[in-house]
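Asker: Following this message is one structure expressed as structure tokens.
None of the figures in this text is laboratory data; all of them are computed from the coordinates on show. Everything numeric here is computed off the predicted structure, so don't read it as measured data. For neighbour counting, all protein chains shown are included, and Cβ atoms are generated from backbone atoms with ideal geometry for every residue, glycine included.
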Amino acid sequence: MSKAPDESEIFTAALSNRVAFRLYQCANLLNKTGTRALDRHDVTTQQWAVLGALVRDRWVNGIAVGDLARLLMVSRQNLTGVLSRLEVRGLIARLPDPDDNRSRLITLTDEGWTRWRAMQSDIADYYRDAMQGMSDNDMIHALHYLDMLRQNMARIGEQQGGEV
């Protein structure tokens, strides 16, 4: 027979629900307001995330689709559509992997780099407004706790046998 939850467990469950719901709200707002912030660049937040990943020094010569999906924590199926739209617009290219000609690496084109550079002022403005009232220390703490959540959720996903 299981025991009834005590007040502390009830409080923790309610608090956990509020944190998870607030994270859900923030993710949705980032998607909406971030896309609007970059309207003049004709880039969605999903496309912004892909471009942002591709400018990292580590992947400037390309990244495999599977690795990019894992980095962004999206399914390959969802990423495929985003990549196709970016490719049609000439912002990314799929190049043969020099180590495996059967595989393709995603990389930014010159037009992609140009678009990325043009977006930086609007991205900086968006971040400034979104992080208003937060000190550097606040953001460091938020990043720490969000990273803990991400790691815990990734572990849960692996335990569930799903794609993470």
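Asker: Looking for whichever is exposed (fewer than 12 other Cβ atoms within 10 Å of the Cβ), of a type outside the set (Asp, Glu) and in contact (Cβ under 8 Å) with a residue 24 or more places away in the chain here; the options are 40, 22, 104, 58. Which one fits?
Answerer: When all the criteria are applied, what remains is 40.
Asker: Any idea which residue in region 133-164 is surrounded by the fewest Cβ atoms within 10 Å (Cβ to Cβ), counting only those that are of a type in the set (Asp, Glu) and part of a helix (DSSP H, G or I)?
Answerer: 136
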